[in-house]
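In what follows, a structure is listed as structure tokens, so that the remarks can point back to it.
Values in this text are rule-based calculations from the coordinates and carry no lab data. Here the structure is a predicted model, which means the values were calculated and not measured. Glycine gets a Cβ as well: all are built from the backbone with ideal geometry, and neighbour counts include every protein chain shown.
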Amino acid sequence: MPQKIKLAVSQSYTLPTLRETLDHLASVTKSAASQGVDLILFPEAYLGGYPRTCDFGATVGSRKDAGREQFLNYFKACVDLGDTPPGAGDEWLDRKLPVAKGDEYRGDGTREFLERVARETGVFVVTGMVEKAGGSLYCAVVYVCPRLGVLGKRRKVMPTGSERLVWAQGSPSTLKAITTKVKGVKITMAAAICWENMMPLLRYSLYSQNVNLWLAPTADARDTWLPLMRTVGNEGRCFVLSAISCVKRKNLPGWITGSQPAGSVKEQPAMANGPASSSDESAADSSSAIAEESADSSQDQGNEDFVCRGGSCIVGPFGNIVKEPMWEVEDGELLVCEADFEDCERGRLDLDVAGSYSRNDAFKLTVAGLDINPPP
């Protein structure tokens with residue numbers, strides 16, 4: 001039986017509200033389904049948003065009130081999956097956590113929305129998000145099966161640079177790989193988020209679980225990213241999907257650019273049952289009019305600048321480029337490929353970095369709270 005399925009990467013950027021972004025995710029997933037796609041990956045922090053260019057009013061030893069207002073706006077825009085700050089693991093996954101009296105489910109309905117999209121399209125959905133639990137935010141990835149719903153969720157263990165100001169550290173136990181069958185093809189998938197891909201021991205913890213599909217949602221648009229993805233594919237003998245948002249300055253949130261009053265964002269439920277419906281004076285003289293027009297034009301041109309150029313790509317299990325990076329394409333464009341997962345096993349003839357090539361009699365890795373043996 002052929003071991004081939006269709007994979008896709010979406011280069012989508014976060015829209016002004018969670019509802020709009022979820023509606024866009026549903027639309028892109030539906031489009032992917034029409035192309036025969038079986039599994040799709042969305043970018044890091046796609047739901048909730050990556051707060052690019054925002055400093056949250058912080059310097060070493062000081063935080064400004066305006067920065068706290070920005071954090072308030074960001075917090076309101078992020079996703080509530082109904083999990084706990086330490087991460088409830090299987091208790092959350094199996095819906096065994098208590099639900100507030102009168103509520104149908106925990107959280108804001110995002111989990112239920114994603115499960116409905118996967119079920120109705122038949123597409124396995126993996127998406128980055130910023131998850132709130134208690135008073136903290138976590139950069140996360142959720143795996144959503146069309147048949148079984150959410151199969152797992154993980155939180156980024158090491159936010160990078162200024163991300164550490166607004167994102168808490170996730171538990172290494174969430175690095176657990178997910179095994180499922182897609183059209184009869186056994187897939188063992190795991191996500192390494194952005195610069196987690198530069199953590200050699202983290203990479204090895206995923207290789208050890210015999211991953212054949214590596215998911216790398218990212219915010220890194222540097223030209224060094226593609227060589228890293230090729231290294232992962234080659235080391236792990238796995239297919240690599242990498243998704244990043246491509247964003248113009250004009251599409252950053254208003255609370256970052258200053259076009260929206262501080263504290264004005266309202267928390268909006270995800271609507272689990274379905275997507276939301278879409279819904280000057282003259283100058284004193286000609287010289288001042290020309291000056292104003294010139295300033296407006298300059299501002300407009302600045303708004304068209306890319307603050308992130310994208311770079312989503314797909315790499316094969318020999319480090320080969322399957323789909324070249326996509327640059328300066330904003331609006332939910334897809335990279336699609338047919339992947340033969342027997343190529344992963346063909347590649348193990350000469351390299352299995354966590355198995356026959358590992359010298360595991362001499363080198364050992366342990367991860368707190370995580371069994372790094374291949375899952376059943």
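Tabulated data for the structure shown
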item	result
Amide hydrogen neighbours beyond the local backbone of MET326, cut-off 5 Å, H modeled	GLY311, SER312
Assigned charges on the beta-carbon of Lys, Arg, Asp, Glu; the chain dipole about Cα centre (debye)	1640 debye
Rounded if a/c under 1.5, otherwise prolate or oblate - segment 1-143, Cα gyration tensor axes	oblate
Structure-derived Rg and Dmax of the Cα atoms in Å: which label, when the choices are [x] 22.1, 67; [y] 20.5, 66; [z] 21.6, 83	[z]
Derived scalar couplings ³J(HN,Hα) [segment 2-17; Karplus, 6.51 cos²θ - 1.76 cosθ + 1.60; whole Hz; x for Gly, Pro]	x, 9, 10, 9, 9, 10, 9, 10, 9, 9, 10, 10, 6, 8, x, 10
Over 20 Å between alpha carbons, listed pairs LYS4/LYS183; LYS64/LYS156; LYS4/LYS181; LYS153/LYS176; LYS30/LYS183; LYS30/LYS76	LYS64/LYS156; LYS30/LYS76
HN-Hα J in Hz across segment 87-93 - Karplus 6.51, -1.76, 1.60, θ = phi - 60°, x for Gly and Pro	x, 8, x, 5, 4, 5, 4
Bridge type composition, the chain - antiparallel percent by DSSP, nearest 5	75 percent
Options ALA221, PRO325, GLN3, ranked by Cα towards positive dipole end of the chain, top entry (Cβ charges)	GLN3
Rg/Rh (Cα only; Kirkwood hydrodynamic radius) as it applies to segment 57-130	1.10
Whether segment 314-353 is rounded, prolate or oblate, judged on the alpha carbon gyration tensor where a/c under 1.5 counts as rounded	prolate
